[in-house]
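Step one of this worksheet: look at the structure below.
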Amino acid sequence: CWGPVLRVLVLQAAWALVGGQVRYSVPEEAKAGTVVGRLAQDLGLEAGEAEARRLRLVSQGRRASVEVSGASGALVVSSRLDREELCGKSAPCALRLEVLVERPLRVFHVELEVTDINDNAPLFHAARKNLSIAEFTTLPGSRFPLESASDTDIGANAQLSYTLSPTEYFTVQEENSNSRSKSLFLMLTKALDRETLPVHRLVLTASDGGRPSLTGTMELVISVLDINDNAPQFNQSVYNVHLLEDALEGTVLVRLNATDPDLGAYGDVIYELDTVVPPSASDIFSIDAKGGDIRLTGTLDFETVAFYDLQIKAKDKGTPPLSGHCKVLVEVLDVNDNAPEVWVTSLSVPVPEDAAVGTVVALLSVSDRDSGANGRVRCAVWPASPFGLVSTFAGSYSLVLREALDRERVSEYEVEVRAEDGGSPSLRARRGVRVPVSDVNDNAPAFAQAVYTVLARENNAAGAELARLWARDPDEADNGRVRYSVWEGGAGGGASAGGGWRPASSYVSVDAESGRIRLTGTLDFEDVTVFNFRIEARDKGTPPLSGHCSVELEVLDVNDNAPEV
């Protein structure tokens, strides 16, 4: 029971902006709404810029428990932060977050360290443990292995010490068997007498190093036995085994041997798998009761559990039986059984065809659950142009433009990001990215000819169609939509008639959409025989582009005048 505890939460958001990365720290179990850091300010954004540029976190497949406050741009706690759920026993517990801003698109990397508080009490796997110890023949100084308590906190909050309820017969003792595992023993300090006290009931208490300290207990029930005075003994107290994670079921890990100098049934040894840590792995291993062979009966996965602690008991067939104990430490070795994974975390498409070299098109995240060389990933993009990959952080890449684009040549690219780990043989993953190219108005309309010659009979009625011109513009939408007009700005854009010079528009017009040239009045060969004018083709881009051509109109004579005397 925790009881009422007054807690004062002091957040010290230690941060540093180094190479595009911001670091914060926050204690676990911080309340929702707790400000972790002034993210927008630490990234150099002005007031109100965080919301305008859509400052936000990018999800990487797991719950981050923090979010960006849209108005203030602060990084705040959004849901329960449980360090043990996020990182288990790993220390430090650092969450890698990616933060995006737009206009222009930029990515920042935020490392959030979730610090531990003492919120988990030590826990024994069983509430009670039964022990059988022979009277008199078990000498003071004899030790009996106990299962240590576990505490999911880390650091001082997980440093456990043990005490035993007052007794003159026993004490509790700890021993470091190696850097990963501590052995706990119940040591006899005074010979037992079954006739004086047949059963000892003790309470073993585990206390952690937190402030205030939390505790867990286990009851020890010790039955005092008669006769059979020699317990089986292993030739080693600790066995270390290394096993590849792809080992087949039925593989023998180790053959144990315990001897008992007693005769007959008192010297026959039976082996048992006493406890397994973690307890969920109890079905993965088995032991031959007679031969002492420990076999693999399930599948291993280095990425799930990399270390097992097996407590083995060897007991004889005496009445009552006596037992000896040893520990088997199994270290699982990684094999390359996980292919790299590639995610597209942000995609900025379509890309304008006039985008500058170096423009970021997409952000990608690459990971591999294996460790060591098996988890080191190399990435490449195919085809090699016009895009390339730039590593921005461990496991993070930007897909950037390496060469200039031309939509009229290629309007869309299918890019493939290829990831390969360093295992032997290596495993690979691919992720396709579709990149469409958007149009800009970079092509002016162009006529097939610079000069067109048009023949027209005199006296044609107004509105008669003389010719149809067409200018090609390879741009799309409004950038490629062409309108036509008679251009009065060119030299020679008209004709000299009997009454003086007249502009071309007094003779012809052009349909803005179709490019059809029509007469606006009648022609008289005796007045005008040839005149030149220019046609302009202008697109609807911003700004618009235009092209021109010249038209030479020759008037053909008809017999419309009688002789005069």
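A few notes on this one:
- Only listed residue being outside any strand (DSSP E or B) and open to solvent by 30 Å² or more (accessible area, probe 1.4 Å), chosen from ALA355, ALA373, ALA380: ALA373
- Residues being part of a loop (DSSP other than H, G, I, E, B), of a type in the set (A, V, I, L, M) and within 60 Å of the chain's Cα centre (by Cα) - total across the range 526-557: 1
- Candidate set: the range 384-406, residues that are at pLDDT below 90 and in a loop (DSSP other than H, G, I, E, B); chosen: the one most open to solvent (accessible area, probe 1.4 Å): ALA384
- Against the criterion of being touching a residue at least 12 places away in the same chain (Cβ under 8 Å), in a loop (DSSP other than H, G, I, E, B) and farther than 23 Å from GLY210 by Cβ, ALA71 qualifies.
- So ASP368, is it acidic (Asp, Glu) and open to solvent by 20 Å² or more (accessible area, probe 1.4 Å): yes
- Qualifying residue in the range 242-252 (condition: without any contact (Cβ under 8 Å) to a residue 24 or more places away in the chain and in a loop (DSSP other than H, G, I, E, B)): no
- Lone unmet requirement of (1) over 20 Å from LYS313 (Cα atoms); (2) open to solvent by 60 Å² or more (accessible area, probe 1.4 Å); (3) within 38 Å of the chain's Cα centre (by Cα) for THR196: (3)
- Criterion applied to ALA127, ALA64, ALA94 was being within 27 Å of ARG211 (Cβ to Cβ) and under 20 Å from the mean Cα position of the chain (by Cα), and the one residue passing it is ALA94.
- Of all residues in the range 32-47, those that are farther than 16 Å from VAL99 by Cα and of a type outside the set (Ser, Thr, Tyr) have Cβ atoms under 8 Å from Cβ atoms of residues that are modelled with pLDDT of 85 or more and open to solvent by 80 Å² or more (accessible area, probe 1.4 Å), 6 or more apart or on another chain, in ALA32/ARG80.
- Residue, farthest from ASN460 (Cα to Cα), within the range 503-532, restricted to residues that are among the β-branched types (Val, Ile, Thr) and touching a residue at least 40 places away in the same chain (Cβ under 8 Å): VAL510
- SER348 under 21 Å from the mean Cα position of the chain (by Cα), under 30 Å from PRO543 (Cβ atoms) and either open to solvent by 60 Å² or more (accessible area, probe 1.4 Å) or of a type outside the set (Val, Ile, Thr) (or both): yes
- Meets criteria (surrounded by 14 or more Cβ atoms within 10 Å (Cβ to Cβ), under 25 Å from LYS89 (Cβ atoms) and at pLDDT 90 or above) for THR275: yes
- The listed residue being surrounded by 12 or more Cβ atoms within 10 Å (Cβ to Cβ), within 30 Å of VAL482 (Cα to Cα), assigned by the TED database to the domain that holds VAL482 and modelled with pLDDT under 90, out of LEU545, LEU519, LEU523: LEU523
- Extreme residue, least open to solvent (accessible area, probe 1.4 Å), among residues of the range 413-452 that are of a type in the set (Asp, Glu) and in a strand (DSSP E or B): ASP421
- LYS313 falls short on exactly one of the conditions (1) in contact (Cβ under 8 Å) with a residue 60 or more places away in the chain; (2) surrounded by 17 or more Cβ atoms within 10 Å (Cβ to Cβ); (3) not in a loop (DSSP other than H, G, I, E, B), and that condition is (1).
- Test for ALA467: is it among the aliphatic types (A, V, I, L, M), part of a strand (DSSP E or B) and crowded, with 18+ Cβ neighbours inside 10 Å: yes
- Condition met for LYS290 (more than 28 Å from the chain's Cα centre (by Cα), in a loop (DSSP other than H, G, I, E, B) and either loosely packed, with under 14 Cβ neighbours inside 10 Å or free of Cβ contacts under 8 Å to residues at least 24 places away in the same chain (or both)): yes
- Qualifying positions in the range 218-232 - under 17 Å from LEU146 (Cα atoms) and surrounded by fewer than 19 Cβ atoms within 10 Å (Cβ to Cβ): GLU219, VAL221, SER223
- Whichever residue in the range 26-41 is touching a strand residue (DSSP E or B) at 6+ places or on another chain (Cβ under 7 Å) and among the aliphatic types (A, V, I, L, M) and, among such residues, is surrounded by the fewest Cβ atoms within 10 Å (Cβ to Cβ): ALA32
The values are calculated or read from the model by the stated rules, or taken from the named source; none is laboratory data. All figures in this text were calculated on a predicted structure; none of them were measured in a lab. No Cβ is skipped: glycine too gets one built from the backbone with ideal geometry, and neighbour counts run over all protein chains shown. Note: accessible area is taken over every heavy atom of the protein model, side chains too, but ligands, DNA and RNA are not part of it. Shrake-Rupley method; radii C 1.70, N 1.55, O 1.52, S 1.80 Å.
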